[in-house]
1. If packing is taken as the average number of other Cβ atoms within 10 Å across a peptide's residues, how do 186-198, 70-82 rank, most packed first?
2. ARG271 to ASP248: extension gain in nm, 0.36 nm per residue of separation minus the Cα-Cα distance?
3. So, in nm, how far is label MET230 from label ALA217 when the simple model puts each one 7 Å beyond its Cα toward the Cβ?
4. Does the stretch 114-231 classify as rounded, prolate or oblate by the C-alpha gyration tensor (a ≥ b ≥ c root eigenvalues; a/c under 1.5 gives rounded; else a/b over b/c gives prolate, otherwise oblate)?
5. May I ask for the angle, rounded to the nearest 10°, between helix 33-44 and the longest principal axis of the chain, with both axes built from Cα atoms and the value confined to 0 to 90°?
6. Can you find, among THR229, SER152, ALA184, the residue farthest towards the positive end of the dipole of the chain? Put +1 on the C-beta of Lys and Arg, -1 on that of Asp and Glu.
7. So what's Rg/Rh here for the chain, counting alpha carbon atoms and using the Kirkwood radius for Rh?
8. Stretched out fully, how many nm does the piece from ALA107 to ALA240 gain, at 0.36 nm a residue minus the Cα gap?
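Rule-based calculations on the coordinates, nothing more; no lab input. Because the structure is a prediction, the values reported are computed rather than measured. Cβ: placed from backbone, ideal geometry, glycine included. Neighbour counts: every protein chain shown.
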Amino acid sequence: MSSTSPTTTIRPEDRETASPAPGTVLVLGATGKSGRRVADRLDALGLPVRRGSRSGAGAARFDWDDETTWAPALAGVHAVYVAYAPDLAVPGAPETVTRFAALARGAGVRRLVLLSGRGETEAQRAEASVADVFPARVVVRCAFFDQNFSESFLLDPVREGTLALPVSDVAEPFVDLEDVAAVAVAALTDDAHAGQVYELTGPRLLTFADAVAEIAAASGHDVAYVPITMDEFTGGLAEAGLPDDVVDLMRYLFAEVLDGRGAHLTDGVRRALDREPRDFGEFAVREATVWSVGARGAAGER
């Protein structure tokens with residue numbers, strides 16, 4: 001992890017107060033964008049955190065493809081944050097997370113928070129099937145993350161000065177992962193959220209061109225947005241050596257999820273945290289240095 005890697009940003013109003021005497025919280029995908037932030041916030045509260053990942057050791061080792069790792073990871077756990085990789089939209093994901101949720105409930109887990117995506121049919125099927133076996137689960141259903149521009153597959157193209165995607169004028173209420181993590185931690189530490197579905201968006205609708213313009217203004221780095229066809233997009237991914245399943249997932253995301261169905265705002269952040277969501281402009285200013293020319297090639301694994 002390089003010096004340019006992001007740190008968790010916790011506002012005073014987001015310094016959650018945990019319920020009395022909570023036990024260990026298992027965070028799945030703890031090396032990922034959302035899981036890392038959730039684990040960091042739990043650490044800041046002084047709560048015992050088990051950071052589950054494929055690279056973990058002992059009880060912290062967790063692999064969705066190896067069910068023998070599930071029970072040890074759940075041993076002694078009070079609450080669990082479930083971020084399924086690569087995405088709840090992939091075939092078989094609803095069945096997998098439902099088996100895990102049933103095992104968690106049988107192991108005595110009291111709270112389960114499921115990360116989900118807006119407009120994803122398979123993700124919503126997973127939400128429903130998890131609710132059948134773990135009725136008190138909390139769903140954190142998210143819009144497109146701000147941090148996809150700064151920590152994920154859009155970072156390098158933005159740094160290189162041209163972001164080309166198969167999306168034209170579709171607007172999206174991009175959501176800050178700091179808000180996602182704050183909502184997740186509130187749900188992991190307070191029974192008052194049991195059974196809730198929080199659909200999280202930012203406070204404004206922006207097109208991808210709008211988002212790129214705000215990044216350029218905040219960072220001083222010249223970036224252009226270029227709409228392309230789906231064939232050009234997926235062909236470029238294949239030429240870059242991405243596996244077929246990843247290419248298929250990207251095609252699904254941009255052809256179906258980002259087709260305008262999510263072009264509306266929701267009150268999930270306000271309902272969960274009693275405050276307004278963070279604005280994309282705030283995110284762009286906060287992360288401005290990551291897009292600078294000097295930062296190119298400096299970032300380690302995200």
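1. Taking the mean over residues of other Cβ atoms within 10 Å, the ranking is 70-82, 186-198.
2. 4.8 nm
3. It works out to 3.3 nm between the two label points.
4. prolate
5. 50
6. Ranked along the dipole, the leading option is ALA184.
7. The Rg/Rh ratio comes out at 0.95.
8. 43.6 nm
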